């Protein structure tokens, strides 16, 4: 089988990119051909088809130069990219795929490529990594307040503008509403043959917003086999890894750490300059920030932690960080919203209420003071991940989906 994977970023940035590369490796190991279509960029990994990638666009830079020309460029590129469709047609001619598997395509590649695939009668599968297809702001969140919001449910996308949910900006929120309405009028959801929701929570939200049960499939994400290891030596610290921002629970974590001064915490990840400047005064003495880590160094830090901290303040889908911790035999302390409760369950970690530093501090103290319980929760997490998030399990279900679409 020949599969074309479509994802905006062709480098390791976020769970969508990591999944795209892991999927390509998994499919190639099973004897399939895999090609990529993405956006051009200096950080991209080498690829034989990079000459056909869509041109790079930096919306942040464009939005800083507010004028009619840049506004027109943002509108025409973010909703339907004629350039992307033209180049996509060329890559289809070059690679002749049997299946097109979309990942994150909004704003940069756009759903324009779906219509080129439809014209050629090539099945389209779309793994959804966020809530963009039902929420103009993609995270069911109001940026300014941090409040969870589902006001747009049922296609009421004008609510995004009323609430100024995106960057507290009328322009940005209006553009997000316009994009959502345009894609609704273009019938994007009916032009895709199969949507994949990694979490049951996401699938439920899609169905509540009018998606067809026949086209939305729940398929958990997977981890490569080499990431599965029995728990290493527990050095007693709790680990927070990921982007350092309020959305991921950084400020709630800082408050909780002050309430639990005896709990050692290590924080790793990238942060915007304004957040980095705040860290010395934000993080109490029991929290150590080690900067951005990758590869073996990040694995070692995870492998020797007692548990993972994931106090996210938004509807997460199926966080890769939690799965990676499980694969090392580590439990997680996470917020009880979005797709996280179905991962943590009753015996793979601890769940805490949304936005509650006291409850988070209590959970941190509980798991720090009871290493026996932590080991048992971690062992449960490892077995769960090995059974539900292995490459073999993922490939079996995905290949059945592919075959079913091709048989039509």
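The values are calculated or read from the model by the stated rules, or taken from the named source; none is laboratory data. Since the structure is predicted, the reported quantities are computational estimates derived from the model, not experimental observations. Methodologically, a virtual Cβ is constructed for each residue, glycine included, from the backbone with ideal geometry; neighbour enumeration extends over all protein chains shown.
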Residue 297: passes all of (1) within 20 Å of residue 221 (Cβ to Cβ); (2) free of Cβ contacts under 8 Å to residues at least 12 places away in the same chain but (1)
Worksheet item: Is it the case that region 292-314 has a residue that's over 18 Å from residue 267 (Cα atoms) and either at pLDDT 95 or above or in contact with a helix residue (DSSP H, G or I) (Cβ under 7 Å, 6 or more places away or on another chain) (or both)?
Response: yes
Note on region 152-174: residues in contact (Cβ under 8 Å) with a residue 40 or more places away in the chain, surrounded by 15 or more Cβ atoms within 10 Å (Cβ to Cβ) and within 24 Å of the chain's Cα centre (by Cα) are 153, 172
Considering residues that are within 17 Å of residue 109 (Cα to Cα) and touching a strand residue (DSSP E or B) at 6+ places or on another chain (Cβ under 6 Å), the number found within region 11-30 is 1
The number of residues in region 163-172 that are at pLDDT below 90 and either in contact with a strand residue (DSSP E or B) (Cβ under 9 Å, 6 or more places away or on another chain) or under 14 Å from residue 79 (Cα atoms) (or both) is 1
